[in-house]
């Protein structure tokens, strides 16, 4: 039996942190996203298309080159020395077999792809012998009116599916989005800001998952709830066996980098004002309806964003 713990999120909502916690309950957790599972479930790709295999192979190759990945926030990530997180040579034969195999079910295709990717990971030991896997899904909002169909397709394809839907208030969310953009290497990407587009991403996701069954968790709960209580809540929801874990002595995988408890469970971006409070509150006015963002609002939003970027640079980041 394959158990899928699907963590739904859009943008900075704490999915990697939650995945790092769930991993300690004996669940396979690797930094793999956007590898086509949703499209297979919705029938957009045939099982024999090879699409998922090609995406996973591309992930392995890209992670085998020195890159910066993971950390508690964008500043933490960019302070690291680039290094590879996968070893393509380790799984070269596995990738060849994966590409040539024709699978009978989405479940068997999924397990094979995740297992090969997990075997390539070099920054930690990944146990692939179990039957429980974390799936990081970030595209429920993109499928809009097919969100319920996608949810039901998960249930049809896998024997045991537990869905966790993450939420975050728009002010904190857009502040973290700004942090990511401020750190972009290309000056054009750092200076551009399209409020309407970001509101669409946020509202589409929130609308898509609002009525779906599962466990709904707020971003702040990940930090305000004692970790022992949070872990037990997740364990019971996911119906996982109890494990003897000293939660405060563990290191947690934050999407490619393992960090100790005190650092992992401290909300790093919450303590840094990338956008001032006025800008955050102004942007939040439109969080549920992107159509409210007209020309005047776009001009104001761009000014407030650039003002925040200027303050950020003056702080020496």
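Quick note: the coordinates plus some simple rules give every number you see, no bench work behind them. On a predicted model such as this, the values are computed, not experimentally measured, just so you know. Please note: Cβ atoms are built from the backbone with ideal geometry, for glycine as well, and neighbour counts cover all protein chains shown.
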Problem set entry | Under 20 Å from the residue 160 label point (7 Å along Cα→beta-carbon), backbone N, the stretch 16-51 | 19-30
Problem set entry | Cα long-axis angle, helix 227-238 against the chain (0 to 90 degrees, to the nearest 10) | 50
Exercise. Once the principal axes of the Cα atoms of the stretch 2-133 are found, what is the range along each, listed largest first in whole angstroms?
Worked result: 43, 30, 28
Exercise. Of the peptides 207-218, 274-285, how do they stack up when ordered by the mean number of other Cβ atoms within 10 Å, highest first?
Worked result: 274-285, 207-218
Problem set entry | Tail beyond 15 Å, pair distance distribution of the stretch 221-297 (Cα, percent) | 71
Exercise. To the nearest 0.05, how large is the calculated FRET efficiency for residue 192 and residue 224 if R₀ is 25 Å and r is the Cβ-Cβ distance?
Worked result: 0.15
Seminar exercise, completed: Fewest-first ordering of 299, 199, 245, 293 by Cβ atoms within 10 Å yields 299, 245, 293, 199
Exercise. What order, most packed first, do the peptides 113-123, 53-63 have when packing is the mean number of other Cβ atoms within 10 Å of each residue?
Worked result: 113-123, 53-63
For this session: Enter the angle in degrees (range 0 to 90, nearest 10) between the Cα long axis of helix 51-63 and the first principal axis of the Cα atoms of the chain, meaning the one along which they spread out most.
Result: 70
Exercise. Of the listed peptides 43-52, 127-136, 4-13, what is their order by residue-averaged count of other C-beta atoms within 10 Å, with the highest listed first?
Worked result: 4-13, 127-136, 43-52
Problem set entry | Where labels lie 7 Å past Cα in the beta-carbon direction, separation of residue 306 and residue 258 in nm | 4.6
For this session: Quick one: plug the Kirkwood hydrodynamic radius of the stretch 174-317 (C-alpha pairs) into Stokes-Einstein at 25 °C, 0.890 mPa s, and report D in µm²/s.
Result: 137
